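The values are calculated or read from the model by the stated rules, or taken from the named source; none is laboratory data. All values derive from a computational prediction rather than experimental measurement. As a convention, Cβ positions derive from the backbone with ideal geometry for all residues, glycine included, and neighbour counts pool all protein chains shown. Accessible surface is based on the protein model in full, side chains and every heavy atom, while ligands, DNA and RNA are left aside. Shrake-Rupley method; radii C 1.70, N 1.55, O 1.52, S 1.80 Å.
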Amino acid sequence: VMGNSSEFQKAVKLVIDTVSFDKDSTVQVFEATIRVLGSLLSAHIIITDTKQPFGDMTIKDYDNELLHMAHDLAVRLLPAFENTKTGIPYPRVNLKRGVPPDSNNETCTAGAGSLLVEFGILSRLLGDSTFEWVARRAVKALWSLRSNNTGLLGNVVNIQTGHWVGKQSGLGAGSDSFYEYLLKSYILFGEQEDLEMFNDAYRNIQNHLRRGREACNEGEGDPPLYVNVNMFTGQLMNTWIDSLQAFFPGLQVLIGDVEDAICLHAFYYAIWKRYGALPERYNWQLQAPDVPFYPLRPELVESTYLLYQATKNPFYLHVGMDILHSLENYTKAKCGYATLHHVVEKTKEDRMESFFLSETCKYLYLLFDEDNPVHKSGNKYMFTTEGHIVSVDERFRNSLWQDIFSGEDDRAEKVKSNELKAVNFSSNCNRVPDERRYLLPLKSNYMRQIDRMVGLI
């Protein structure tokens, strides 16, 4: 995204020359997929793009090495999907030996149900439906286990019995990217089933997780907040929210629910204003951090970037500057940027997660770079849950997996490849929904709300 072709080419060659997955190493299937598999696929797509919008990112004598590496890694992850009675994968796999004999039978909803974008891209690039099929089977298995009463899913499930070990339903850790990938799979692949599942899930989230007044800046009651509830009853389970939930306003932007996104974003920014970071867990009843560390997470930045793209309101540039100054003042270290051990005391840990570069820095850079090719593409690109850029184009919209699910209900008529339309949905993040509603009054209303929230928390 910075147009630095020489460094991109150097990094690609370094990976091709030195990286091997033939190692006796046990990895998390989810993290290996979204961080490693996703990055290999994204780089391959950028290298092979005939238009080269970011500058000359081609590699001399490139022979699809990154795609072959992605295939090799995915094959090594496939044993996680075997020998499970539900089709939901094991959480960990050894790259040489398969599933460890002492492997845990419990996995989280996000970890098992957020593999479809990367596995689907790989399948469609290779013309091999295996990878998309196992990922889609896992999503369908989780979906079939949702509560008959509320339509909600829990956060931890037994992959052999289908029993919900964790009955908490929320938008944060253990659940977040499951919902994100239902929508993004539809955007990328155009499968109507994915959109139907997302719309159903979103309605249930609004019905059971949302608390507070109905409107964002009007009416009586508290500002809107999404809480953690029991998946079977819809009853409140605890009084904390976690920082991962800050991704949700960005997802709401993608479906066109901009007003609710504005309000929820305000809540998280109010917490950031107080501490100069987001604590991993914040107790909204005690008005204090429950888990006080901040590992440089990107979710608030991501939502800020997407809200700016949707509204073009300069307030979000102000938010971005605020976040940038906090990172510079509190997290900068000699050799990079450090996790905050405690958001109040500002003590540091010797740790910098890969998502800081892949997402936090990338979304901040894009927020301020109005003329970036990403913004000039006519919304040709989508970001994976780990911030990797993937082009939305025709080659990903030819289904390979349907024949494997033969015998199931007939699919709805395919959405045309040049259409991504649904109720209240638009993938056009550069669209200004209505300047009269968002651009002019937002800053004063928003700042008053931030000031009120900071006072409350």
Report summary line: For segment 326-366, the percent of accessible surface on carbon and sulfur atoms (probe 1.4 angstrom, ligands and nucleic acids excluded) is 51
Report summary line: For residue 273 and residue 349, extending 7 Å from Cα along the Cα-Cβ vector and measuring point to point gives, in nm, a value of 2.8
Report task. Could you check the simple spin-label distance between residue 15 and residue 75, using points 7 Å along Cα→Cβ, in nm with one decimal? Result -> 1.9
Query raised in the report: Under 17 Å from the Cα of residue 167, which lysines turn up, not counting those fewer than eight places away in the same chain?
Result: none
Report summary line: By the Kirkwood definition, with r running over pairs of different Cα atoms, segment 162-243 has a hydrodynamic radius in Å of 14.1
**Report entry** Residues of type lysines that residue 348 reaches as a straight line, Cα spacing below 17 Å, ignoring anything fewer than 8 places off in the same chain
**Finding:** 332, 334
Requested in this report: Provide the per residue accessible area, probe 1.4 Å, for the chain, rounded to a whole number of square angstrom.
Outcome: 43
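Can you tell me the length gained on complete extension of the stretch residue 218 to residue 6, counting 0.36 nm per residue apart and subtracting the Cα distance?
Working: separation 212, 0.36 × 212 = 76.32 nm, distance 5.14 nm.
Extra length from residue 218 to residue 6 when fully extended: 71.2 nm.
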Report summary line: Checked against the positive end of the charge dipole of the chain (+1 on Cβ of Lys and Arg, -1 on Cβ of Asp and Glu, about the Cα centre), the farthest of 144, 389, 2 is 2
**Report entry** Partners for residue 13 among lysines (Cα-Cα distance below 27 Å; same-chain residues under 8 apart left out)
**Finding:** 23, 51, 60, 96, 362, 380
Query - Carbon plus sulfur fraction of accessible area for segment 104-160, probe 1.4 Å, in percent - result: 40
Report task. Using a Förster distance of 22 angstrom, determine the FRET efficiency expected from the C-beta separation of residue 58 and residue 370, and round it to 0.05. Result -> 0.25
Query raised in the report: So for 86, 33, what's the accessible-area order with a 1.4 Å probe, most first?
Result: 86, 33
Query - Difference of contour (0.36 nm per residue) and Cα-Cα distance, residue 233 to residue 288 - result: 17.1 nm
Query raised in the report: Counting only residues 5 or more places away or on other chains, whose amide H sits under 5 Å from the amide H of residue 166 once H atoms are built in the peptide plane?
Result: 155, 156, 157
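Relative contact order for segment 123-249: what is it in percent, counting Cα pairs under 8 Å that are at least 6 residues apart?
Values: 164 pairs, mean separation 30.7, N = 127.
Once divided by the residue count of segment 123-249, the mean separation gives 24 percent.
Based on Cβ point charges of +1 for Lys and Arg and -1 for Asp and Glu, what charge dipole magnitude is obtained for the chain about its Cα centre, in debye rounded to the nearest 20? Intermediate results must be reported in sequence, preceding the final value.
Working: 47 positive and 58 negative charges, 122 e Å.
That gives a dipole near 580 debye.
If R₀ is 41 angstrom, what is the calculated FRET efficiency for the pair residue 68 and residue 203, using the beta carbon separation as r and rounding to 0.05?
That pair, residue 68 with residue 203, gives E of 0.45.
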Report task. Wrap a convex hull around the Cα atoms of segment 53-131, take a quarter of its surface area, and give that in square nanometres. Result -> 7.2
**Report entry** Cα-centre dipole for segment 34-153 with unit charges at Cβ (Lys and Arg positive, Asp and Glu negative), debye to 20
**Finding:** 500
Query raised in the report: Hey, what's the Cα Rg ratio for the chain versus the globular rule of thumb, 2.2 N^0.38 Å?
Result: 0.95
Report summary line: Length gained if residue 161 through residue 51 is fully extended, taking 0.36 nm per residue and subtracting the Cα-Cα distance, is 34.7 nm
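Given an 8 Å cut-off on Cα distances and at least 6 residues of separation, report the relative contact order of the chain as a percent.
Details: 789 pairs, mean separation 66.9, N = 457.
This gives 15 percent for the chain.
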